1. Can you tell me which residue is surrounded by the most Cβ atoms within 10 Å (Cβ to Cβ) among those in the range 6-60 that are at pLDDT 70 or above, out of contact with any helix residue (DSSP H, G or I) (no Cβ under 8 Å at 6 or more places or on another chain) and among the polar types (S, T, N, Q)?
2. Considering only residues that are modelled with pLDDT of 85 or more, hydroxyl-bearing (Ser, Thr, Tyr) and surrounded by fewer than 16 Cβ atoms within 10 Å (Cβ to Cβ), which ones fall in the range 86-121?
3. Tell me which residues, restricted to the range 61-71, are closer than 17 Å to Ile115 by Cβ, of a type in the set (D, E, K, R) and either in contact with a Ser or Thr (Cβ under 6 Å, 6 or more places away or on another chain) or modelled with pLDDT under 90 (or both).
4. List the strands (runs of 3 or more DSSP E) that sit entirely inside the range 44-94 and contain at least 2 residues that are of a type outside the set (Gly, Ala, Ser) and farther than 22 Å from Asn11 by Cβ.
5. Which of the residues spanning the range 95-110 are part of a loop (DSSP other than H, G, I, E, B) and among the hydrophobic types (A, V, I, L, M, F, W, C)?
Amino acid sequence: MNSLIYNYFSNFDEWNEYVKGNWNGKGISMIPSTIQPYETGDETTVIWKSNAKETKSHFKRGKSEFSLTWLLESEVLCDKIKLIAKDADWECEIQAMTRDRFHLHVLPISDKSKILYSGVVTKKKGLFSFL
């Protein structure tokens with residue numbers, strides 16, 4: 001069964017093992033538009049890549065693109081971890097859901113009224129999962 005629910009991580013190494021690999025997803029965003037995305041049909045896509053050395057992500061919504069490298073900000077709290085972007089004004093919270101899904105929420109550190117991404121991210125599998 002591939003839907004094991006994760007509800008506890010005792011250290012960062014366990015979390016790092018969970019998030020390792022390539023992930024992608026589609027979610028809502030309130031950047032760059034001030035209009036609610038579910039009214040316009042716009043979605044933000046994310047490609048999330050994590051390995052032992054670094055964690056990177058690439059967000060795209062229309063013609064707007066954001067590429068970020070993430071740093072650990074705090075300890076792992078059960079099934080959650082908070083990261084901050086290296087050299088950028090972004091923070092994110094990841095919450096493990098199952099073995100191959102997590103929820104990602106990304107917002108600016110200086111302006112909590114905006115959201116770059118909020119949605120489920122799924123692990124890529126198969127022959128092309130490392131591209």
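The values are calculated or read from the model by the stated rules, or taken from the named source; none is laboratory data. Keep in mind that this is a model prediction, so the values were computed, not measured. So basically every Cβ, Gly included, is an ideal-geometry build from the backbone, and we count neighbours across all protein chains shown.
1. Ser57
2. If the condition is that a residue be modelled with pLDDT of 85 or more, hydroxyl-bearing (Ser, Thr, Tyr) and surrounded by fewer than 16 Cβ atoms within 10 Å (Cβ to Cβ), then Thr98, Ser110 are the ones that fit.
3. Across the range 61-71, the qualifying residue is only Arg61.
4. Values: elements: 44-50, 55-61, 64-72, 80-85.
The qualifying strands (runs of 3 or more DSSP E) are 44-50, 55-61, 64-72.
5. First, the residues of the range 95-110 that are part of a loop (DSSP other than H, G, I, E, B): 99-100, 109-110.
Within the range 95-110, Ile109 is the sole residue that qualifies.
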